[in-house]
Amino acid sequence: VPLKAFQISGNRTTRKSVITRELGFRPGKIVTQTRMDKIKDRLGRLSFVRLTDDPRVVFTPDSAAVIQLRIQEQNSSQLNGVLGYNPKQGDQNGYISGQLNLQFRNLLGTGRSFLALWEKRGPVSQSLRLSYEEPYLLGWPLNGEFGFFQNVQDTSFVRRSWHLGFNMYLFENVTSGVRFGQESVIPDSIGRALYGLPRSNASRLFLSVGFDSRDHLWNPTHGILYSTSVDFVEKKIDPLLAGEGSKRRDFRRVSLDLEYVRPLWPRHVLFFGFHGRQVKIGNEAVPIDELYRLGGAKNLRGYRDDQFLGSQIAWGTLEYRFILEKDSRFGLFMDAAAIGRRSRDKKWSRLTKIGYGFGLRTKTDLGIIGFDYGLGQGDSFSQGKIHVRILNSF
């Protein structure tokens, strides 16, 4: 039976065309059970709408099909804040760290999105990220993206970059992406003197593929999230001393992320996460501006933000979660990490760290409030790290 039209009810802001283009078939196509079964999964990609009833098919007098969809719009914008306190350790005074994340996922009902992220990771370290995504370029299932990033790292250097990228669905839950961009590193006088860090400019080619079958974005009860990417970087390095020539180096950054959520009993789930990063410049030591930073609320709880540096890092999480309701949970976690780094004399240094603690996510009138308390190896209770997160949708 050929499709004649869609009848959609419940959308007050979101345009009908935004919903129908996500379904993957147009009027004139044959309505099959396979295509009907895919409607729920395809609309699940749109975080700002959800089906309230199963799709229905009714027939017109001329034997054509009309698909009826009843939807409910979700809050499409989010304000996500994180506040952390890092107590005094040695000569390092205690300080406040934090993050402010503002997302608009359905601008003017068009499905366009905008992201602004500001993060303070240390006493004098902060970063800013801006990105915009345009869905379905020229009517194709291809999303365009433009982004800008700036990172002020201590008093060592400033990194700035921009990129232009494209993302698309290969299959129902499989995405792929490609990005092109430029980045520059501008060292401070301290970065030059202590680390021998030169000014540099680089061109980038970034390739990625991912899979996501989770049933909930931030509080899943089952599913798998997987992504891997390769970032090819060609860098031009300015001379540190007069009379020296510029150098060119080829970098490669590789990342892997895997999360698995397994239900144990009703309301009880086990969360497992594994993440790896590597940056390589032939057999040379990786300069400080290219090293990965590990520690803090996002990866290794119980330690200060960006406490560890490495050219090869891996970290994992094992967490028992008791689901209180759809957006709330209590958890007991253990984080573990391995960090490796080659020095200028080509000697490798490696270390492992473990953090553990408990956390709570609960829904309030202010939004979803998250609280994590983590301890590192050898920490007393008073040395624990506290991280508070607020997620508000509007």
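The values are calculated or read from the model by the stated rules, or taken from the named source; none is laboratory data. Given the structure is predicted, the values throughout are model-derived calculations rather than measurements. Here the Cβ is made from the backbone with ideal geometry for all residues, glycine too, and neighbour counts use every protein chain on show. When the accessible area is computed, the model is the full protein with side chains, heavy atoms only, and any ligands, DNA or RNA have been set aside. Shrake-Rupley method; radii C 1.70, N 1.55, O 1.52, S 1.80 Å.
Under the condition of being among the polar types (S, T, N, Q) and closer than 21 Å to Y85 by Cα, the residues counted in the range 349-377 number 2.
A quick yes/no check of all residues on (1) closer than 30 Å to Q74 by Cβ; (2) open to solvent by 70 Å² or more (accessible area, probe 1.4 Å):
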{"residue": "W348", "(1), (2)": "no, yes"}
{"residue": "T352", "(1), (2)": "no, yes"}
{"residue": "G355", "(1), (2)": "no, no"}
{"residue": "T362", "(1), (2)": "yes, no"}
{"residue": "I368", "(1), (2)": "yes, no"}
{"residue": "D372", "(1), (2)": "yes, no"}
{"residue": "G378", "(1), (2)": "no, yes"}
{"residue": "K385", "(1), (2)": "no, no"}
{"residue": "S393", "(1), (2)": "yes, no"}
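Under the condition of being outside any strand (DSSP E or B) and not basic (K, R), the residues counted in the range 36-71 number 18.
Being polar (S, T, N, Q) and either under 14 Å from F206 (Cα atoms) or surrounded by 18 or more Cβ atoms within 10 Å (Cβ to Cβ) (or both) is the filter here; which residues of the range 139-152 pass it?
Residues satisfying the conditions are N143, N151.
The residue that is farthest from V254 (Cα to Cα), counting only those in the range 273-295 that are at pLDDT 95 or above and open to solvent by 20 Å² or more (accessible area, probe 1.4 Å), is F274.
Taking residues in the range 7-34 that are free of Cβ contacts under 8 Å to residues at least 12 places away in the same chain and on the phi < 0 side of the Ramachandran plot, and partners anywhere that are outside any loop (DSSP other than H, G, I, E, B) and open to solvent by less than 60 Å² (accessible area, probe 1.4 Å), the pairs with Cβ atoms closer than 9 Å and at least 6 places apart or on different chains are K16/F6; K16/I8.
Whenever a residue of the range 174-193 is more than 27 Å from Y226 (Cα to Cα), its partners that are outside any strand (DSSP E or B) and of a type in the set (K, R), lying with C-beta atoms within less than 9 angstrom and at least six residues away or across chains, give the pairs S184/R199; V185/R199; I186/R199; P187/R199; R192/R199.
Which of the residues spanning the range 301-320 are of a type in the set (S, T, Y), in a loop (DSSP other than H, G, I, E, B) and either open to solvent by 50 Å² or more (accessible area, probe 1.4 Å) or within 22 Å of S380 (Cα to Cα) (or both)?
If the condition is that a residue be of a type in the set (S, T, Y), in a loop (DSSP other than H, G, I, E, B) and either open to solvent by 50 Å² or more (accessible area, probe 1.4 Å) or within 22 Å of S380 (Cα to Cα) (or both), then Y303 is the only one that fits.
Listed conditions (1) surrounded by fewer than 18 Cβ atoms within 10 Å (Cβ to Cβ); (2) in a strand (DSSP E or B); (3) free of Cβ contacts under 8 Å to residues at least 40 places away in the same chain; (4) not aromatic (F, W, Y) are all met by K298, apart from (2). Here are some residues: D250, D231. Which one is acidic (D, E) and buried (at least 17 other Cβ atoms within 10 Å of the Cβ)? Exactly one residue qualifies, and that residue is D231.
Assessment of the range 153-165 against the conditions (in a strand (DSSP E or B), open to solvent by 60 Å² or more (accessible area, probe 1.4 Å) and polar (S, T, N, Q)) yields no matching residue.
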